[in-house]
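The values are calculated or read from the model by the stated rules, or taken from the named source; none is laboratory data. Small disclaimer: the values here were computed from a predicted structure and weren't measured. With ideal geometry, Cβ positions are generated from the backbone for all residues, glycine too; neighbour counts draw on all protein chains shown.
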Amino acid sequence: CVDSLDDYNIDEKKASSVPAVTLFSSAQKEFTDAIVTPNVNENNFRLYMQQWTTTTYLDEPRYNMTARLIPLNLWSSIYKDVLSDLNEAKKIISEDAILTPAVKTNQLAQVEIMEVMAWSVLVNTFGNVPYSEALDADNSLPKYDDAKTIYDDLLTRLSGALSNIDASAGGFGDGDLFYSGNVAQWKKLGNSLMLKLALVIADSDEAKAKSLVAAAAPNVFTSNADNAAFPYISSPPNYNPVSANLNSLFTSRQDFIPTSVLIDYMNELSDPRRAEFFTTVNGEYKGGEYGFTNTYSAFSHISDKIIDPTLEGIVMDYAEVEFMLAEAVERGFITGDAAMHYEKGVTASITYWGGSAEDASAYLAQPGVAYETAGANYKEKIGMQIWLAYFNRGWDSWLTWRRLDYPQIKAPVVTGLDLKLPVRLIYPHNEPNLNGDNYAVAAQAMGGDLATNKLWWDKF
Amino acid sequence: QDRSVTGKVTAEDGSILPGVNITVKGTTRGTTTNVQGEYTVMASQGSALIFSFIGFESKEVKIGSESVLNVSLKSDVSQLQEVVVTALGQEKKRNELVYAAQQVTAEQMTQARGGNVMNALSGKVAGLDIKASNTMGGSTSTIIRGYKSITGNNQALYVIDGVPISNANNNTSDQQRGRAGTDYGNAASDINPDNIASVNVLKGAAATALYGSRAANGVIMITTKQGRKNSFDVTVNTGVTWGTINKNTFVKYQDQYGAGYDGAITSTGAAQPKAFYTGDLGSGTGDIALFDADASFGAKFDPSRMVYQWDAIDPFSPNFGKMTPWTAAQNGPDKFYETGVNSNQSVTITGGAENSTFKLGYTRNDEKGVLPNSKLGKNLLSFSASYDLTKKLKVSANVNYSQITGLGRYGTGYQGKNPNQQFRQWFQTNVDILEQKEAYFRNEQNVTWNWASPTDAFADNGPIYSENPYYSRYKNYSNDSRDNVFGYTQLNYKLASWVDFTGRFAYNGTNDMQEERIAANSADPSEYSRYNRSFNETNLDLYLNFHKSFASNFNLSGLLGTNMRRSKEVSIRASTNGGLVVPNLFSLSNSASPVEPPTEFYKRIAVDGIYGQASLGYKGLANVEFTARQDKSTTLPTSSNTYFYPSIGGNFVFSELAQLRNNWLTLGKFSINYAEVGNDAPWGSVYDVYDKPTAIGSIPYFSLPNTKNNSNLKSERTKNLEFSLETAFLEDRLGLNFTYYKSRTLDQILPVSVSTATGYGFKYVNSGEVENKGIEIAAYVTPIKTEDFSWTMNVNFSRNRNKVISLYGEGENRVKNVVIASLQASVSLNAAEGEPFGVLKGTNFVYHEGTGEKIVKSNGIYQASASANEIIGNPNPDWIGGISNNLKYKNLALSFLIDIRQGGDLFSLDQWYGEGTGLYPETAGLNELGNDKRSLVADGGGVLWPGVQADGTPNTVRAENYDGNTHSAFGYSSGAPRALYVYDGSYVKLRELALTYALPQAVVNKLQAFKSIDVSLIGRNLFIFHKNMKYSDPEDGLGSGLSNGAGGYQSGAYPAVRSYGFNVKFRF
């Protein structure tokens, strides 16, 4: 009879318990996918930063966030595919009675760093988000927390994780897809992340930013070998999502081309990265008009290197760290030579993409690139070069642009439309349906759920 | 002085009647006839014997001096005495029923010979909402008395001869949610229509309680034909019908502007430089059509303008390298649809000997769909037999086998395999579909109109979005098979004159196989995928059936039994990864990249039930009935896996009252009942498991699933209250049945959608209260009835009001909305507190406070509400109904059925995209000023939407409509509120028409071999009298999918198919 058939309701084809490391691996993969993908349904930041534009369909370069489920897809990726697995990994690790304590501490610290990274994307994209009551299946209506409060907590958590990491003990082994279990690298990644997160609040909470930057700066990335990157492989579904959307192996679509805004600037500077980023058309690098239809065959395309399915997915790299150190010097947060950091940043970017050190120094020798002469102020100098270095990293480019306000991109001018550059994503379209009261409070606290409302740290 | 009287009881046609009750009037003495129809009873001269038997009129015979008394009973056709098959195959007289049930006869089921049993029920039963899909062999939704479950199954249970059968829909969940997929239909469509004796629709919980949980959505009870003792009968049906699309349910195209998005003019009125590409494809530099633009917002047609068109790239085309005039297509996509053919041959042999009966049936059905390269073949076999081993012991068995093979089933939803995606949404009006056909058949290449590059040579070029639709049909086809075995063995043993025992073991096994392909040179990478599923279910029922009369006026009957149900479903779905190595070799081993782990399921369910029923009748005047059932299911947590549910009902047959016995009232019955039905959880909703995506090389990873399970689930419950009044007048010339019901479904087990901030997309909860209440009216009248001519009309009407009373959570945490399906264009189907089930949400119009008119923005487009979550439609119909007429003149019979659905809203993704891309006539032509709508507003063009400006004054601003990106007055590109594309789904259809001529008996007799020959002309879906959706069939929707066939959404809708043909029925 039924009472003796307990196993009937068990899913015999799925695991009921798994090792924590596998959830950590999953979170690394899902986080990288969310940040790297150019899919118009989830990640349009390369468009918002006018690095890429579209050929036929103009909703996304014209900042329409409701024709597709863009905010929902990013939000869900981070909450459901990244944070929830990390949260579960943390539970399993904490309950593991056999694990060596030092390894346990390291694993928890690495989970914490991943979590902070993921939360920072959410909070720096949407502003107020569910945080203290999130990730609890028993609470379907989590309240939204104030973005600044969350952010302060993230900084505290990151400091804590960094002080717990012990590079002499083990971590996640091969299941750590960024560093194959090298815990010392996590220390560098954590500090580099701290540098980045602290600079975000440089305009709003200078003192705090300064002390955090100063503490982190000595332990950040020192070469491209330190980059945190996900090792995509050649076959779906673990291939680089850029290839899924652009490579003719996987799609017949021809949606994206680089913009004239970017290519004209790089042409002006004879940028050696052009050959790595773009194809040529009639021997020239030619970008499409941002926000209007473009004939695919008439313009440069994204290079074979970038649409290669095995191209690694960068989460954080050395070049950006050097640019941020330059900024930190300029802001007086640390002592040092801003120009030197800037040059290292430019060089790191060029050499990462396949250029030589000579290419880099020739490039840097031009007045338009040389730190002394490249711009009116450090925001322009660093802002323009980091925009180029962030060519395939739309979200990070968008974050940095909101801080530095360079490049001074303009929304396309279309008769009958009043387009404005987005400085946040609106909340997912279904939040008012699923979590209406809390959504309403959050939207009101942010001055309305608008893509034009600046986040709390975005002072300029 | 008692003496022995013997005799034989027969029916009018001479066949013997075993089991006839014989009582000596005024005593409790009696007997029944044996299997030979013989009886012996002790009675005195002058007393009377009463012969009674279900389905026959009772007869009272006075005993004279004779010792042998043979009796012939007249079959009883009156409403009152009509035998109805109820739960577990029990036969009851209509006047004993304490609930509403509606019967459909075999003739009604097969008169228009649609092939699909489910579709044949449409319009014939009050309260039954059938929604058929227009795809070949596609799934049909069967909803009785509205949607009860918010996210679960709402489909009625199909029961054949007392045994539930699978009506599984094995389409992918994407297909079921209205996204891309192939519609392979649902299993009840395999039921052989020629094998059906009658269909009884049990609507309320009181009628279905004995079936347990699965009957909560009502039951379609099918009784199959059985052999009769001492008879032999052969019926042969042969028929063919042809099907063509109803063009009133298909797109019409504007014929003035061709390929492009950017329009022909610029905002200043200058010619748009991008209206054509420029290049030399063979005959010198010239204009090249914008091949890669899947829209018709381009250059104005001009026959004098020579342009390189898609065939200029095709080296096999006569137009290769040549320019051709820039004109609208001669042959639109309606020509893509072919004439379907459905041929049906069936033979049924029934018969019986002294103590045995048998039936053998075979049906062969071949269908060629209206899409190219589509066909469906069915072999349906059935055999049943019974044998009376002794006077008390009877054994019977029944086996049905069906084999369905499909080729080229229709793709549905938003995908290239659905040709309507291009035809209705993304197309160029300059593309001639017959030229596409010729291009494909020249060498079977993907000669698309939608080249990725305007300049690349044929060999390097390919489709950017849309295939040549012929290539898609002939190369990217699916095939499938379904083998279904259903049968039972049964033993009846008469323990005593008043009680018999039945033991029945039933088996239903299905094997499904589906293969899908994407060939080389398609828009998507080539792929092969397959799905295999095997399902079986066994039901063991043991029950005692008793009936006893006492105190001469009381009749007690009932049953007591147990049911053990076991089911097992094993399935595996796998597909190639990253393309195929050898082109067009469709096997998993030919995958370019390692195959991802297949999706496997191994689902077992066990339910044990015990049940009982007791009915007490008084003089045929009143009845009360109680049922109770307790189930124990493995799908619930062990601690709460048992649930009990009762029902109680009573009736009062007031026409049996002496003072009402008169000529005009034939039947009058009032019934009332209250019932509860419990239900278990879906399999696998209690314990948590992890997903395992494909490993990254050698590194495996796991992830939490999208749905959080719940180990505290308890059973759900439906409570149902029903009143019904049945009346018949003037010897059944006129009848009126009225039913009111109210049901509430509580503690529903739902995977509710939650904010993903919880870490999950869905979670299982016990929640929700859904109320359905409504009325059903079934009426019939025979206004004329003469020797030669008769006319009978049946009318059904039902109206269901459905309301989501509550969802889940309490106080601050009360959840007020659950998204049932999230659809393209940011439209969703929802269960919202206080609203009808399935309401459509999206951006709405903004109405001016003063005037109540729609506000038009300063650019001439309707203003959309700030919130994307306003209710913009209710997919539930206001009412549904059917009117059927049967006219008979001598040997000629005409019947027709009009099927009506009033209300029920739909969002059309087809219009949303297709108007945005400038396909439909509304998007071009002249505006109210007589100027071209595609001219600049400054030049008098544009489109004036009726409404008011923000200040309440009538709108005078025409919207620009010269390109398909931003300056469009229509569809997605205008950013109009979604509410503008919500349509009323009402229709009035001529569903069935049959004209039958029975060859005169004199002629038939001359042919010797035949008992009768009937020739019919038949038609289905011949005409739509009324609908509000201009370019589609409002009935075509989401099939029987997860969204419960709630409808409310069309994407790539298929046109309705008219079918007409003939059938000849021979009886030997």
Q: Out of the residues in region A:234-264 that are charged (D, E, K, R) and out of contact with any Gly (no Cβ under 8 Å at 6 or more places or on another chain), state the one that is farthest from the other protein chains (Cβ to nearest Cβ).
A: A:D255
(Q) Checking B:K335 against (1) out of contact with any helix residue (DSSP H, G or I) (no Cβ under 6 Å at 6 or more places or on another chain); (2) outside the structural domain of B:I196 (by TED's automatic domain parsing); (3) of a type in the set (K, R): exactly one of these is not met. Which one? (A) (1)
Q. Quick one: how many residues across region B:592-636 are free of Cβ contacts under 8 Å to residues at least 24 places away in the same chain and loosely packed, with under 15 Cβ neighbours inside 10 Å?
A. 0
Q) Given the conditions (1) more than 23 Å from the chain's Cα centre (by Cα); (2) of a type in the set (A, V, I, L, M, F, W, C); (3) not assigned by TED's automatic domain parsing to the domain that holds B:S396, and given that B:A496 satisfies all but one, which numbered condition is not satisfied? A) (3)
Q. Taking region B:610-640 only, how many residues are hydrophobic (A, V, I, L, M, F, W, C) and within 14 Å of another protein chain (Cβ to nearest Cβ)?
A. 2
Q | Of the criteria (1) without any contact (Cβ under 8 Å) to a residue 40 or more places away in the chain; (2) part of a strand (DSSP E or B), which one B:S589 fails | A | (2)
Q) Looking only at residues in region A:308-326 that are within 14 Å of another protein chain (Cβ to nearest Cβ) and part of a loop (DSSP other than H, G, I, E, B), which one is nearest to A:A217 (Cα to Cα)? A) A:E312
Q | Subset of region B:689-709 that is touching a Ser or Thr at 6+ places or on another chain (Cβ under 7 Å) and not in a strand (DSSP E or B) - its residue that is farthest from the other protein chains (Cβ to nearest Cβ) | A | B:N709
(Q) Among the residues of region B:245-279, what is the count of those that are under 30 Å from B:D1033 (Cα atoms), among the β-branched types (V, I, T) and touching a strand residue (DSSP E or B) at 6+ places or on another chain (Cβ under 9 Å)? (A) 2
Q | region A:274-297 - residue that is surrounded by fewer than 17 Cβ atoms within 10 Å (Cβ to Cβ) and at positive phi and, of those, farthest from the other protein chains (Cβ to nearest Cβ) | A | A:G283
Q) Within the bounds of region B:698-707, is there any residue that is within 20 Å of B:A206 (Cβ to Cβ) and either among the β-branched types (V, I, T) or out of contact with any Pro (no Cβ under 6 Å at 6 or more places or on another chain) (or both)? A) no
Q | Neighbours by Cβ (under 9 Å, 6+ apart or cross-chain): first from region A:6-17, more than 7 Å from every other protein chain (Cβ to nearest Cβ); second among the aromatic types (F, W, Y) and surrounded by 11 or more Cβ atoms within 10 Å (Cβ to Cβ) | A | A:S17/B:Y690
Q) Checking B:I572 against (1) in contact (Cβ under 8 Å) with a residue 24 or more places away in the chain; (2) outside any strand (DSSP E or B); (3) within 14 Å of chain A (Cβ to nearest Cβ), which test does it fail? A) (2)
Q: Select, from A:P218, A:P258, A:P236, A:P241, the only residue that is farther than 27 Å from B:P700 by Cβ, surrounded by 20 or more Cβ atoms within 10 Å (Cβ to Cβ) and either in contact (Cβ under 8 Å) with a residue 40 or more places away in the chain or not acidic (D, E) (or both).
A: A:P258
Q: Look through region B:241-271, keep the residues that are in contact with an Asp or Glu (Cβ under 6 Å, 6 or more places away or on another chain) and surrounded by 21 or more Cβ atoms within 10 Å (Cβ to Cβ), and return whichever of them is nearest to the other protein chains (Cβ to nearest Cβ).
A: B:D262
(Q) Go through (1) within 29 Å of A:D136 (Cβ to Cβ); (2) in the same structural domain as B:V570 (by TED's automatic domain parsing); (3) at pLDDT 90 or above for B:N679 and report which single condition fails. (A) (3)
Q: State whether one or more residues within region B:992-1006 are part of a helix (DSSP H, G or I), surrounded by fewer than 17 Cβ atoms within 10 Å (Cβ to Cβ) and basic (K, R).
A: yes
Q. Restricting region B:1045-1068 to residues that are on the phi < 0 side of the Ramachandran plot and not in a strand (DSSP E or B), which is surrounded by the fewest Cβ atoms within 10 Å (Cβ to Cβ)?
A. B:F1068
Q) Would it be correct to say that A:P38 is more than 9 Å from every other protein chain (Cβ to nearest Cβ) and of a type outside the set (V, I, T)? A) yes
Q: Only residues in region B:752-767 that are on the phi > 0 side of the Ramachandran plot count as the first member; pair them with residues that are acidic (D, E), Cβ under 9 angstrom, at least 6 apart or cross-chain, and list the lot.
A: B:G759/A:D85; B:G759/A:E88; B:G759/A:D136
Q. Modelled with pLDDT under 95, touching a helix residue (DSSP H, G or I) at 6+ places or on another chain (Cβ under 7 Å), part of a loop (DSSP other than H, G, I, E, B) and within 14 Å of chain A (Cβ to nearest Cβ) - does that describe any residue in region B:272-280?
A. no
Q.
Residues that are within 11 Å of chain A (Cβ to nearest Cβ) and farther than 30 Å from B:W912 by Cα: list the strands (runs of 3 or more DSSP E) wholly contained in region B:734-836 that include at least 1 such residues.
A. B:762-767
Q. Got a number for residues in region A:18-30 being more than 7 Å from chain B (Cβ to nearest Cβ), touching a residue at least 60 places away in the same chain (Cβ under 8 Å) and surrounded by 22 or more Cβ atoms within 10 Å (Cβ to Cβ)?
A. 5
Q: For A:E380, work out the one condition from (1) within 13 Å of chain B (Cβ to nearest Cβ); (2) outside any loop (DSSP other than H, G, I, E, B) it doesn't fulfil.
A: (1)
Q: Please find, within region B:132-161, the residue that is modelled with the highest pLDDT out of those that are of a type in the set (G, A, S) and buried (at least 24 other Cβ atoms within 10 Å of the Cβ).
A: B:A156
Q. Does B:K714 count as facing chain A (nearest Cβ under 10 Å) and surrounded by 18 or more Cβ atoms within 10 Å (Cβ to Cβ)?
A. no
Q. Across region B:717-744, what is the number of residues that are crowded, with 17+ Cβ neighbours inside 10 Å, hydrophobic (A, V, I, L, M, F, W, C) and closer than 30 Å to B:D631 by Cβ?
A. 1
Q: Given the conditions (1) modelled with pLDDT of 90 or more; (2) surrounded by 20 or more Cβ atoms within 10 Å (Cβ to Cβ); (3) out of contact with any Ser or Thr (no Cβ under 8 Å at 6 or more places or on another chain); (4) not hydroxyl-bearing (S, T, Y), report the number of the one that B:A779 does not fulfil.
A: (2)
